[in-house]
Amino acid sequence: MTEQAHDAGTTARGGPRDTIGITLMASADTEAAVAMIREEQPDARVSFRGVTYKIERDGVLEFDMGKLGERLGRPIDTDLFLVNMSTYYGRMDVGDGVVRIHSDIRPERFQ
């Protein structure tokens, strides 16, 4: 099988995926986060699944709580944001008011 035959982000030898994602429960916070992602990371793929939103992207997804709070008209911290999370895949990094999900095994911040 060739590398082109794999659309799930793996190589023919089963190498690492570059696609990461998060599933968020539908809520006002999530609606604002989805709008922010659609604007700031337009290559992200967003799908609504009845009661959840699935957001996928290659490389990194970033949710800045300061920007999200501005959209909501009230502060939101990472803890409250993560309450809306159902699942994720990738390497999560939470700090400085930002939630990032990376495809890299060791995100740049830790090098």
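The values are calculated or read from the model by the stated rules, or taken from the named source; none is laboratory data. Since we're looking at a predicted model, the values are computed, not measured. Backbone-built Cβ (ideal geometry, glycine too); neighbour counts: all protein chains shown.
The figures follow:
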quantity: Residue within region 72-81 that is touching an Asp or Glu at 6+ places or on another chain (Cβ under 9 Å), at pLDDT 95 or above and assigned to a loop (DSSP other than H, G, I, E, B) present; calculated: yes
quantity: Which numbered condition SER47 misses (of (1) touching a residue at least 24 places away in the same chain (Cβ under 8 Å); (2) exposed (fewer than 15 other Cβ atoms within 10 Å of the Cβ); (3) in contact with a Lys or Arg (Cβ under 7 Å, 6 or more places away or on another chain)); calculated: (1)
quantity: Filtered residue count, region 32-54, keeping only those that are among the charged types (D, E, K, R) and either part of a strand (DSSP E or B) or farther than 19 Å from ILE76 by Cβ (or both); calculated: 4
quantity: Residues of region 87-105 satisfying the condition of being among the aliphatic types (A, V, I, L, M) and farther than 22 Å from GLY66 by Cα; calculated: ILE105
quantity: Residue in region 102-110 that is under 14 Å from the mean Cα position of the chain (by Cα) and closer than 13 Å to GLY21 by Cβ present; calculated: yes
quantity: Residue tally, condition modelled with pLDDT of 50 or more, on the phi < 0 side of the Ramachandran plot and exposed (fewer than 14 other Cβ atoms within 10 Å of the Cβ), over region 1-26; calculated: 5
quantity: Region 67-83 - residue that is closer than 14 Å to VAL94 by Cβ and touching a residue at least 12 places away in the same chain (Cβ under 8 Å) and, of those, surrounded by the most Cβ atoms within 10 Å (Cβ to Cβ); calculated: LEU68
quantity: Qualifying residues in region 58-71 (those that are farther than 19 Å from MET25 by Cβ and either basic (Lys, Arg) or in a loop (DSSP other than H, G, I, E, B) (or both)) - the one modelled with the highest pLDDT; calculated: LYS67
